[in-house]
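Asks: One structure, as structure tokens, below. Some questions next.
Every read-out reported here was derived from the displayed coordinates using simple, explicitly stated rules and does not represent laboratory data. Values in this document were obtained by computation on a predicted structure and should not be read as measured data. Note: ideal-geometry Cβ built from the backbone for every residue, glycine included; neighbour counts use all protein chains shown.
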Amino acid sequence: MQGFFYRYIRLYRPLVKKLNGLLGEYDLSYSLWQVIFYVRNFGPCTLVEICKYYEVERPNVTRMVHRLEEQGIVEQIPGKDRREKVIHMTEKGEGIYLACRTEITSLERQAMKGIPEAQQKILFELLPQIRENLNDQGEEIH
């Protein structure tokens, strides 16, 4: 089947636009939300862990964490190794996470409206497989 990437881009852009719209009410963006989501769901972590998870360069994540820290959403605390800081969610950050999560869940429901649960389950199983295939292909090329 051809046209997967075209269909994906046609889905991705409106989704990120809607996410940025609802997150904008909290002075956030989709990029910042990814950091909040990671810290909230995986617990205290380092910049390196976030970078590896999202496959993003460290300077980008560093800027995002600093911005979230300025907003009082996360804080960085020295770790066991002085060179490494551990990122924690603040109480304010937890409140913002919960408010945003509610709105994002509503958006997810809207996006899946009319799609039977069985098909949603198949989609949720296929997307990680596609990601894995792309990662495997990248390793084969290098």
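Asks: Rank by packing, highest mean first: peptides 57-64, 104-111, with packing defined as the count of other Cβ atoms within 10 Å averaged across residues.
Replies: Going by the mean number of other Cβ atoms within 10 Å, highest first, we get 57-64, 104-111.
Asks: Relative to the longest principal axis of the chain, what angle (0 to 90°, nearest 10) does the C-alpha long axis of helix 30-42 take?
Replies: 70
Asks: Something else now. Neighbour counts of other C-beta atoms within 10 Å: give me Ile73, Ile130 arranged from fewest to most.
Replies: Fewest-to-most Cβ neighbours within 10 Å comes out as Ile130, Ile73.
Asks: As a check on your grasp of the helix formula, calculate [θ] at 222 nm for the chain: sum -39500 (n - 2.57) over DSSP H runs of n ≥ 4, divide by the residue count, round to the nearest 500.
Replies: The per-residue figure over the chain is -24000 deg cm²/dmol.
Asks: Place a label point 7 angstrom from the Cα of Lys80 along the Cα-to-Cβ direction, then list the residues of region 38-71 whose backbone nitrogen is under 17 Å away.
Replies: Only 44-49 pass the distance filter.
Asks: Rounded if a/c is under 1.5, else prolate if a/b is larger than b/c, else oblate: which is the chain, with a ≥ b ≥ c the root eigenvalues of its Cα gyration tensor?
Replies: Because a/c hits 1.5 or more and a/b fails to exceed b/c, the chain counts as oblate.
Asks: Okay, next question. Working from Cα positions, state the angle (0 to 90°, nearest 10) between the long axis of helix 4-24 and the longest principal axis of the chain.
Replies: Computed tilt is about 40 degrees.
Asks: Would you tally the net charge around Thr90, using a Cβ to Cβ cut-off of less than 13 Å, leaving Thr90 out, and scoring K and R as +1, D and E as -1? Display every interim value, and only then the final one.
Replies: Working: positive: Arg40, Lys92; negative: Glu69, Glu70, Glu75, Glu91, Glu94.
The answer is -3.
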